[in-house]
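Following: one structure in structure tokens, then a few remarks.
The values are calculated or read from the model by the stated rules, or taken from the named source; none is laboratory data. As the structure is a computational prediction, the values presented were derived from the model and not from experiment. With ideal geometry, Cβ positions are generated from the backbone for all residues, glycine too; neighbour counts draw on all protein chains shown. Side chains are part of the model used for accessible areas, which takes the heavy atoms of the whole protein and leaves out ligands, DNA and RNA. Shrake-Rupley method; radii C 1.70, N 1.55, O 1.52, S 1.80 Å.
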Amino acid sequence: MPNHYAIVLAAGQGTRMKSKLYKVLHPVCGKPMVEHVVEQINHLNVDEIVTVVGHGAEAVEAHLKENSSFVQQTEQLGTAHAVMQARPLLEDKEGITLVLCGDTPLLTSDTLSELIMYHNEKKAKATVLTAVTENPTGYGRIVRSDLGIVEQIVEQKDATDQIKAIKEINTGTFCFDNKALFAALQKVTNDNAQEEFYLTDVIGILREQNEVVAAYSMHDFSESLGVNDRVALAEAQRLMQKRINIKHMQQGVSILNPLTTHIGSDVVIGADTIIEPGVRLKGHTVIGEDCVISGDTEIIDSTIGDKVVIRSSSIEESVVGNEVQVGPYAHLRPQSKLGDTVKIGNFVEVKNATIDQGSKIPHLSYIGDADVGQDVNIGCGSITVNYDGTNKHRTSIGDHVFVGCNSNLLAPVTIESHSFIAAGSTITKNVPEHALAIARARQTNKEGYAKKFGYSKK
Ligand code: UD1
Ligand code: CA
């Protein structure tokens with residue numbers, strides 16, 4: 001087996017994106033474009049990936065980390081010039097080098113394997129991955145001889161009307177004999193409309209030397225989409241979303257309206273879970289089996305158990321057990337941990353808190369920086385007063401505690417198991433086991449006063 005290398009071009013400024021964010025870092029289904037590309041190359045087990053980076057290099061390196069080595073292209077003089085930057089790392093190596101653009105996030109490892117296979121079959125020095133489309137505007141065109149042999153690639157801006165009419169395009173992905181690539185690159189000039197060094201010229205150069213150049217035409221044009229502007233970004237998002245949703249549906253997840261359901265590329269969902277329209281599942285989220293997720297729900301970087309029902313709620317960096325109910329309109333903020341069968345109802349916010357099995361917080365509460373035991377009932381409107389204006393403090397609640405409606409639990413405070421807090425209490429001291437705590441002003445009834453104020457009509 002020859003060695004395999006891959007060069008990912010990611011130094012372009014992406015001026016057409018009109019963005020402060022480096023082009024290849026724009027996310028598609030929650031993941032930067034260039035990360036999609038490198039992930040697919042990784043499935044091929046190549047010996048080395050070299051990513052060519054420019055401005056914002058640190059940000060790209062932070063995303064790709066140990067998956068790639070990096071070379072800098074300080075000035076963006078074109079795709080051939082970009083590949084040249086990898087010369088010190090790869091020039092002398094024997095083997096096959098894939099070159100990919102960091103802005104083609106939909107390309108799959110299956111297609112890349114087919115490209116390599118075809119390149120080997122043809123014993124070519126270079127093989128370009130092409131696709132056929134009704135609307136080739138913006139792409140380089142594949143010019144073939146009458147015999148169908150690839151002669152050259154002509155960029156849109158350099159193309160005559162006749163060439164513009166060609167519907168076979170360059171996807172920007174190539175497979176090269178490594179040494180032939182670096183030898184040919186030295187002959188590339190910038191004598192063209194954009195005064196750039198085009199990688200595509202390598203094809204014409206190798207042809208002039210009578211080397212074997214091949215083109216592998218892929219079946220699915222949508223895989224080759226190159227994202228140069230926000231319109232293409234939205235299209236890439238739509239296509240990737242469709243692909244992700246189909247994968248989940250094939251694995252037994254019901255997605256009632258795939259067009260309005262956004263699932264990130266790293267999300268895992270168990271079989272027989274039903275995802276209703278409008279739901280967004282993001283980041284490293286894992287959802288169990290037999291769940292129902294509906295309404296305006298957004299779940300980010302969270303783990304949800306089996307048989308959980310979540311309605312119109314927002315969940316971030318949290319862990320939810322089995323058979324839990326959340327919402328509607330609940331907010332689980334980071335580091336919330338709900339045990340099995342917990343119920344979090346309407347307008348409840350939980351933050352950095354553990355709620356153990358069977359406990360219920362059904363309405364209008366804030367539980368922050370707290371540890372709540374099992375089978376606790378927190379009445380409507382109760383809150384943990386966790387912040388004194390300077391520091392945050394924790395509230396600790398044992399098992400089987402009943403917190404009456406509209407109680408304030410002033411942290412730091414401990415409410416021991418089996419205790420009972422009377423409604424409307426402001427608890428400032430610890431409550432011992434089995435105690436009843438009442439901390440509210442006693443009621444006085446002033447006889448006849450309602451009438452005196454003219455309120456009572458009788
Ligand atoms: C390029 C191809 C075109 C092809 C299209 C497919 C060339 C000359 N043109 O055009 O034939 O149809 O991709 O999507 O190769 N880059 C650098 N350094 C540079 C310039 C670009 O790293 O100096 C990187 C960009 O970050 C990008 C990739 O190379 O990831 C392609 O560059 P881009 O400017 O998007 O090329 P296109 O005009 O799309
Ligand atoms: Ca492009």
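Report yes if His400 is closer than 20 Å to Ile355 by Cβ and of a type outside the set (A, V, I, L, M, F, W, C), otherwise no.
yes
Suppose we filter segment 121-135 for residues that are surrounded by fewer than 22 Cβ atoms within 10 Å (Cβ to Cβ) and assigned to a loop (DSSP other than H, G, I, E, B); how many remain?
5
So Asp103 ticks every box in (1) acidic (Asp, Glu); (2) within 16 Å of ligand 2 (Cβ to nearest atom); (3) open to solvent by 60 Å² or more (accessible area, probe 1.4 Å) but one. Which box is left unticked?
So Asp103 meets the others, but not (3).
Conditions: (1) in contact with a Gly (Cβ under 9 Å, 6 or more places away or on another chain); (2) in contact (Cβ under 8 Å) with a residue 40 or more places away in the chain; (3) crowded, with 20+ Cβ neighbours inside 10 Å. Val28 meets all but one. Number of the miss?
Among (1) in contact with a Gly (Cβ under 9 Å, 6 or more places away or on another chain); (2) in contact (Cβ under 8 Å) with a residue 40 or more places away in the chain; (3) crowded, with 20+ Cβ neighbours inside 10 Å, the lone unmet condition for Val28 is (1).
Could you list all residues from segment 434-458 that are open to solvent by 100 Å² or more (accessible area, probe 1.4 Å), more than 16 Å from Cys405 (Cβ to Cβ) and part of a loop (DSSP other than H, G, I, E, B)?
His434, Arg442, Thr444, Asn445, Lys446, Glu447, Phe453, Tyr455, Lys457, Lys458
To keep it simple, each residue is scored yes or no on (1) within 16 Å of ligand 2 (Cβ to nearest atom); (2) among the acidic types (Asp, Glu).
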| position | (1), (2) |
| --- | --- |
| Tyr198 | yes, no |
| Ile203 | no, no |
| Glu223 | yes, yes |
| Gln241 | no, no |
| Ile244 | no, no |
| Gln251 | no, no |
| Thr260 | no, no |
| Val267 | no, no |
| Arg280 | no, no |
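Since Leu89 meets every condition but one in (1) within 14 Å of ligand 1 (Cβ to nearest atom); (2) in a helix (DSSP H, G or I); (3) modelled with pLDDT of 95 or more; (4) farther than 20 Å from Arg238 by Cβ, which condition does it not meet?
(1) is the only condition that Leu89 fails.
Listed here are the residues, each with its yes/no results for (1) within 16 Å of ligand 2 (Cβ to nearest atom); (2) in contact (Cβ under 8 Å) with a residue 60 or more places away in the chain; (3) open to solvent by 20 Å² or more (accessible area, probe 1.4 Å).
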position: Ile7; (1), (2), (3): yes, yes, no
position: Val24; (1), (2), (3): yes, yes, no
position: Glu35; (1), (2), (3): no, no, yes
position: Val50; (1), (2), (3): no, no, no
position: Gly56; (1), (2), (3): no, no, yes
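Here are some residues: Glu48, Glu94, Glu66. Which one is more than 14 Å from ligand 1 (Cβ to nearest atom), among the charged types (D, E, K, R) and modelled with pLDDT under 95?
Exactly one of Glu48, Glu94, Glu66 is more than 14 Å from ligand 1 (Cβ to nearest atom), among the charged types (D, E, K, R) and modelled with pLDDT under 95, namely Glu66.
From the list Phe174, Phe182, which residue is within 34 Å of the chain's Cα centre (by Cα) and aromatic (Phe, Trp, Tyr)?
Phe174
Mind counting the residues in segment 289-320 that are under 22 Å from Lys351 (Cα atoms), assigned to a loop (DSSP other than H, G, I, E, B) and touching a strand residue (DSSP E or B) at 6+ places or on another chain (Cβ under 8 Å)?
The total comes to 10.
Sort out which residues of segment 1-37 are in contact with a strand residue (DSSP E or B) (Cβ under 8 Å, 6 or more places away or on another chain) and more than 14 Å from ligand 1 (Cβ to nearest atom), and write them in order of number.
The answer is Pro2, Asn3, His4, Tyr5, Cys29, Gly30.
I'd like to know if segment 348-356 contains one or more residues that are assigned to a loop (DSSP other than H, G, I, E, B) and surrounded by fewer than 19 Cβ atoms within 10 Å (Cβ to Cβ).
Checking segment 348-356: not a single residue is assigned to a loop (DSSP other than H, G, I, E, B) and surrounded by fewer than 19 Cβ atoms within 10 Å (Cβ to Cβ).
Could you say which residue among His81, His63 is assigned to a helix (DSSP H, G or I), within 16 Å of ligand 2 (Cβ to nearest atom) and surrounded by fewer than 23 Cβ atoms within 10 Å (Cβ to Cβ)?
Every option except His81 fails the conditions.
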